[in-house]
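Sharing a structure with you now.
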């Protein structure tokens, strides 16, 4: 039962990574512009993602290392600094998109100017995460 809960937590975590303001707005915009003509790309990306997650899971199960730790161990810290820098940049952009979506929601909810929302939004998110 404990392993089933761990697997369930992994599934919930992987799904929650895709349900965010940036992906929802991009998907809505692409759907409005192209309709169902890009559905093949979603199917292909889903298949590729399934293989990537499965291979990363096998690597972690066999070697008892995460994918990042295995790359660092095999190729060194200099090689790992490139994807690490890209990940930090992308995480920063995702955080900015999340705060932007939160600001738009606050603007729609309260009617205040959206330029005044980022600081209270960041403070509220920081308090909730702390």
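Throughout, read-outs are computed from the coordinates displayed, never taken from laboratory work. This one's a predicted model, so the numbers in the text were calculated from it and none came from an experiment. No Cβ is skipped: glycine too gets one built from the backbone with ideal geometry, and neighbour counts run over all protein chains shown.
Could you work out how far apart the two model spin labels at residue 69 and residue 81 are, taking each label as a point 7 Å from the Cα in the direction of the beta carbon, and quote it in nm?
For residue 69 paired with residue 81, the spin-label model returns 2.3 nm.
Is the shape of the range 61-130 rounded, prolate or oblate, going by the alpha carbon gyration tensor and its root eigenvalues a ≥ b ≥ c, with a/c under 1.5 for rounded and a/b larger than b/c for prolate?
Details: a/c = 4.21, a/b = 2.94, b/c = 1.43.
The shape class here is prolate.
Given points 7 Å out from each Cα along the Cα-Cβ axis, report the residue 116 to residue 52 separation in nanometres with one decimal.
4.1
Sticking with this structure for a sec: How high is the relative contact order of the range 33-130, given as a whole-number percent (alpha carbon pairs under 8 Å, six or more residues apart)? Please list the in-between numbers first.
Details: 27 pairs, mean separation 11.4, N = 98.
Relative contact order here is 12 percent.
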